[in-house]
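Let me begin by presenting the structure, written as structure tokens, before commenting on it.
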Amino acid sequence: MPVPDRTVAEVLDPAVPDPIDLGGLPTDLLVDCYRHMLTARLLDAEAVALQRQGVFPAYVSLLGQEAAQVGSAAALDRGTDFVFPTYREMAVALAFGVDMVGYLASHRALWHGGYYDPVRSRFGAVNAVVGGPVPHAVGWALGERLRGGPGCAIAYFGDGASSEGDVHEAMNMAGVFRTPVVFFCQNNQWALSVPNHRQIAGGSVAARAAGYGMPGVVVDGNDVAAVYRATREALDRARSGGGPTLVEARTYRLAPHSTSDDAGRYRDAEEERYWRGRDPLPRLAHALRSAGLVGPDFFEAAERDARGRVTRIREGVASAPEPPGTDMFDHVFREPTPELLRQRAAWCEEERP
Amino acid sequence: MTTSAPAARGERDGRADGAAPARPAVLTMQQAINRALAEALAEDPRTLVFGEDVGRLGGVFRVTDGLQRRFGEDRVFDTPLAESGIVGLAVGLAMNGWRPVPELQFDGFAYPAVDQIVNQVARMHYRTRGAAPMPVTLRVPSFGGIRAPEHHGESLEALFAHVPGLKVCAPSSPAEAHQLLLQSVRADDPVVYLEPKARYWERGPVPDDGPAPPVGTSRVVRPGRHATLVAWGAMVHRCLQVARLAAEDGVELEVVDLRWLKPIDADGLAASVARTRRAVVVHEAPLTAGLGAEVAALVQERAFRSLAAPVQRVTGFDVPYPAGPLEPKYLPTVDRVLLAVQRVLEF
């Protein structure tokens, strides 16, 4: 059955207000968010450049999603919570304190999961099977509750992944077990080339929460303060035994799906222009400035700091060592099989100069 | 890691001549697995048992009977009916320090969970460079022979043995079931544990928990000198039937229970074929790209000069697992195995 294409005006929600309400949030939190968002923006551009220079085989830009990622990450407790990302959560990793050289090693294709330690970082490995990590978050949260720990899990996924069976199985299990988990959907409008109205029945991702016995919240994903509040509320509920929440952050992927993609083949420039007008970074900058929370030199200094950090990360990842070939044998098992050891030995013999 | 270590041979001999405790408990395989699960739950508070109907009901085969009562609803619990979610739950639990022992109720229901098993369980240790081990034992009532509906008689071993990062085993007797399950649960790598449901009600002695041969060790369950029959799960019993019949004609068949389908005991296979010079591999799964092909390849790689005949395969046919009346025609019969034995003897 053909689905009539909707107009851009229908797809976008004109009711979302542009000004950001910063009321009640601590200044240092907002300033940190701005710094992380700016750093992520610049690092994202560097990553695209590294792909163009042939250092990264491919990269998936998060351009435009900084508020959704940083605002949600800022609500997490870095000492107790655990993040289950997909592959576009670079700004979450940044704001959550993950070693970014190790993280970007996955995009340089040095090792699929990167070089950082996902368990100690409390930030799972990048996962291209986008629904896959969502039940992991439920399992982690169940385990946390069983041992009486204070932590919550947060599962990041997109509007595309919201169609995956695993996401539904996970949300239902979380509802049944009332696990301390937050399902954080970044609805960036496009699942690669497929728009929301061909991806999501029922009006929204958040609407599905009702069927799984949990609150579903839609939030302006380009408003970092709103994202922070919604995530914080969901985490507070989870931490106090109130069970899971589904947060749908409405945002927009300003870049193509990946550096291999051509978004011009499936969406028009007018829509991108519309969303560029609601860019989360200038919105936060404007709000900080008009609320008088930062001085006149703040933005210049913040950018100088961010550029310095981005340069260090770029240099670190560009010069990170390739893994030795033996690594491909050594991480398969805790206790390798005799056959694997035989193959390893044979490979080492062949490689010997 | 090697498979023909003296300890392993001692274990084989021990079972054959009764060196095990004088009066081991006699249990069905289903009871033996239940006992192993109880022992695993008791010895490590991080062990969790969960799946569909495993709690209050005690499992559709009663394998988890009484465990929830004994260990509580936190350690033994029912999940919603969602196999992929069950395995995904196990991944997250393992990442939070638990040792999950999920059950997938029937072999055919493992297919909805293949993504989590292959893309997640098997690769998490690798993806994270060892930071997130997956000490997950995935129990799957498997194989055919009970005239069950469709999707209740599948053989998954070739599928999962092919996946890097997984280990796979299948017990053939109550004693094996007990020992292999404890070994799987204690392993820090993920193990797919395939229970031959056709043998659930077969009784046998189950020695107390004790030292086990290393992971990947096969067992000679009946020594012989004219040909080797290689099997696992319920087909070990079929091969023993064949060996008894052949013995009436003076043909002494050695029966090797592979036990571990990954890693496969290549040394054990080669040692047996060095004695008998002939091998027939028997499995329930379809022939093409089945594990019998791997066994045949290993035997010719390791024992080519010992072989007096090409390795024969007696397997299910390359058809979907059939319904009740056709089941006995599909599964390797005594006659088909005997015919293959004849072929290797007369080659």
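Would you pick out the residues in the range A:327-343 that are outside any helix (DSSP H, G or I) and either open to solvent by 50 Å² or more (accessible area, probe 1.4 Å) or more than 7 Å from chain B (Cβ to nearest Cβ) (or both)?
If the condition is that a residue be outside any helix (DSSP H, G or I) and either open to solvent by 50 Å² or more (accessible area, probe 1.4 Å) or more than 7 Å from chain B (Cβ to nearest Cβ) (or both), then A:Arg334, A:Glu335, A:Pro336 are the ones that fit.
Which of (1) within 20 Å of B:Val121 (Cβ to Cβ); (2) open to solvent by 40 Å² or more (accessible area, probe 1.4 Å); (3) touching a Ser or Thr at 6+ places or on another chain (Cβ under 9 Å) is the odd one out, the single condition B:Leu159 does not satisfy?
(3)
Can you find a residue in the range A:117-132 that is of a type in the set (A, V, I, L, M, F, W, C), part of a loop (DSSP other than H, G, I, E, B), more than 30 Å from A:Ala318 (Cα to Cα) and in contact (Cβ under 8 Å) with a residue 40 or more places away in the chain?
No, every residue in the range A:117-132 fails to be of a type in the set (A, V, I, L, M, F, W, C), part of a loop (DSSP other than H, G, I, E, B), more than 30 Å from A:Ala318 (Cα to Cα) and in contact (Cβ under 8 Å) with a residue 40 or more places away in the chain.
Tell me, yes or no, whether the range A:66-75 has at least one residue that is over 15 Å from the mean Cα position of the chain (by Cα), modelled with pLDDT of 95 or more and open to solvent by 20 Å² or more (accessible area, probe 1.4 Å).
The answer is no; no qualifying residue exists.
Out of all the residues in the range B:130-141, is one or more under 24 Å from B:Pro325 (Cβ atoms) and more than 14 Å from chain A (Cβ to nearest Cβ)?
Yes, the range B:130-141 contains at least one residue that is under 24 Å from B:Pro325 (Cβ atoms) and more than 14 Å from chain A (Cβ to nearest Cβ).
Which residue pairs have Cβ atoms under 6 Å apart, sit 6 or more places apart or on different chains, and have a first residue in the range B:98-116 that is within 10 Å of another protein chain (Cβ to nearest Cβ) and a second that is open to solvent by 30 Å² or more (accessible area, probe 1.4 Å) and not in a helix (DSSP H, G or I)?
Listed pairs, sorted by first residue: B:Trp98/B:Arg46.
Give the range A:121-140 a look and list any residue that's at the interface with chain B (Cβ under 7 Å from one of its Cβ atoms) and either aliphatic (A, V, I, L, M) or open to solvent by 10 Å² or more (accessible area, probe 1.4 Å) (or both), or say none.
Result: A:Ala125, A:Val129, A:Ala137, A:Val138.
Can you tell me which residue is surrounded by the most Cβ atoms within 10 Å (Cβ to Cβ) among those in the range B:246-264 that are in contact with a Lys or Arg (Cβ under 8 Å, 6 or more places away or on another chain) and over 20 Å from B:Ala285 (Cα atoms)?
B:Leu253
Return the pair list, or none, for Cβ contacts closer than 6 Å from residues in the range A:27-51 that are in the same structural domain as A:Ala74 (by TED's automatic domain parsing) to residues that are in a helix (DSSP H, G or I) and open to solvent by 50 Å² or more (accessible area, probe 1.4 Å), at least 6 apart or on different chains.
A:Thr39/A:Arg309; A:Glu46/A:Arg314
Can B:Arg147 be described as open to solvent by 10 Å² or more (accessible area, probe 1.4 Å), modelled with pLDDT of 95 or more and over 15 Å from B:Arg259 (Cα atoms)? Let's see the steps before the verdict.
On the way: open to solvent by 10 Å² or more (accessible area, probe 1.4 Å): yes; modelled with pLDDT of 95 or more: no; over 15 Å from B:Arg259 (Cα atoms): yes.
The answer is no for B:Arg147.
Only one residue in A:Ala263, A:Ala269 is under 30 Å from A:His107 (Cα atoms), open to solvent by 20 Å² or more (accessible area, probe 1.4 Å) and of a type in the set (A, V, I, L, M), so which one is that?
A:Ala269
Which ones in the range B:162-189 are closer than 26 Å to A:Glu339 by Cα, in contact with a His (Cβ under 9 Å, 6 or more places away or on another chain) and open to solvent by 10 Å² or more (accessible area, probe 1.4 Å)?
Of everything in the range B:162-189, those that are closer than 26 Å to A:Glu339 by Cα, in contact with a His (Cβ under 9 Å, 6 or more places away or on another chain) and open to solvent by 10 Å² or more (accessible area, probe 1.4 Å) turn out to be B:Ser172, B:Asp188.
Have a look at B:Glu176, B:Glu195, B:Glu154 and point out the one that is in contact (Cβ under 8 Å) with a residue 60 or more places away in the chain and assigned to a loop (DSSP other than H, G, I, E, B).
B:Glu154
I want to confirm something. Restricting to the range A:272-286 and keeping residues that are more than 25 Å from A:Arg52 (Cα to Cα) and in a loop (DSSP other than H, G, I, E, B), which single residue is least open to solvent (accessible area, probe 1.4 Å)?
Per the stated criteria, the residue is A:Arg278.
Here's a check for you: in the range A:299-310, which residue that is in contact (Cβ under 8 Å) with a residue 12 or more places away in the chain and open to solvent by 30 Å² or more (accessible area, probe 1.4 Å) is nearest to A:Met90 (Cα to Cα)?
A:Arg309
A:Phe333: touching a helix residue (DSSP H, G or I) at 6+ places or on another chain (Cβ under 6 Å) and either of a type in the set (S, T, N, Q) or outside the structural domain of A:Ala91 (by TED's automatic domain parsing) (or both), yes or no?
Working: touching a helix residue (DSSP H, G or I) at 6+ places or on another chain (Cβ under 6 Å): no; either of a type in the set (S, T, N, Q) or outside the structural domain of A:Ala91 (by TED's automatic domain parsing) (or both): yes.
For A:Phe333, the condition - touching a helix residue (DSSP H, G or I) at 6+ places or on another chain (Cβ under 6 Å) and either of a type in the set (S, T, N, Q) or outside the structural domain of A:Ala91 (by TED's automatic domain parsing) (or both) - is not met.
For the range B:7-81, which fully contained strands (runs of 3 or more DSSP E) count at least 1 residues that are modelled with pLDDT of 95 or more and either farther than 15 Å from B:Pro102 by Cα or more than 23 Å from the chain's Cα centre (by Cα) (or both)? Step through it out loud before you land on a result.
Working: elements: B:25-28, B:47-51, B:76-78.
Filter on the range B:7-81 gives B:25-28, B:76-78.
Taking B:Ala266 as meeting all but one of (1) of a type in the set (A, V, I, L, M, F, W, C); (2) more than 20 Å from the chain's Cα centre (by Cα); (3) within 14 Å of chain A (Cβ to nearest Cβ), write down the number of the exception.
Checking B:Ala266 against (1) of a type in the set (A, V, I, L, M, F, W, C); (2) more than 20 Å from the chain's Cα centre (by Cα); (3) within 14 Å of chain A (Cβ to nearest Cβ), the one that fails is (2).
Name the residue, out of B:Leu67, B:Leu57, B:Leu93, that is open to solvent by 30 Å² or more (accessible area, probe 1.4 Å) and among the aliphatic types (A, V, I, L, M).
Every option except B:Leu57 fails the conditions.
For the range A:158-255, which fully contained strands (runs of 3 or more DSSP E) count at least 1 residues that are within 15 Å of A:Gln65 (Cβ to Cβ) and open to solvent by less than 10 Å² (accessible area, probe 1.4 Å)?
A:181-187, A:245-250
Could you tell me which numbered condition B:Asp267 fails, if it satisfies all but one of (1) surrounded by 19 or more Cβ atoms within 10 Å (Cβ to Cβ); (2) of a type outside the set (A, V, I, L, M, F, W, C); (3) free of Cβ contacts under 8 Å to residues at least 40 places away in the same chain?
(3)
Which of the numbered conditions does B:Ala297 fail, given that it passes all the others? Conditions: (1) open to solvent by 40 Å² or more (accessible area, probe 1.4 Å); (2) more than 24 Å from B:Ala246 (Cα to Cα); (3) of a type in the set (Gly, Ala, Ser).
B:Ala297 satisfies all of (1) open to solvent by 40 Å² or more (accessible area, probe 1.4 Å); (2) more than 24 Å from B:Ala246 (Cα to Cα); (3) of a type in the set (Gly, Ala, Ser) except (1).
Working only within the range A:89-114, note down all residues that are open to solvent by 20 Å² or more (accessible area, probe 1.4 Å) and of a type in the set (Asp, Glu).
A:Asp99
The values are calculated or read from the model by the stated rules, or taken from the named source; none is laboratory data. Keep in mind that this is a model prediction, so the values were computed, not measured. FYI the Cβ positions are ideal-geometry reconstructions off the backbone, even for glycines, and counts take in every protein chain you see. We work out accessible area using only protein heavy atoms, side chains counted, and drop any ligands, DNA or RNA first. Shrake-Rupley method; radii C 1.70, N 1.55, O 1.52, S 1.80 Å.
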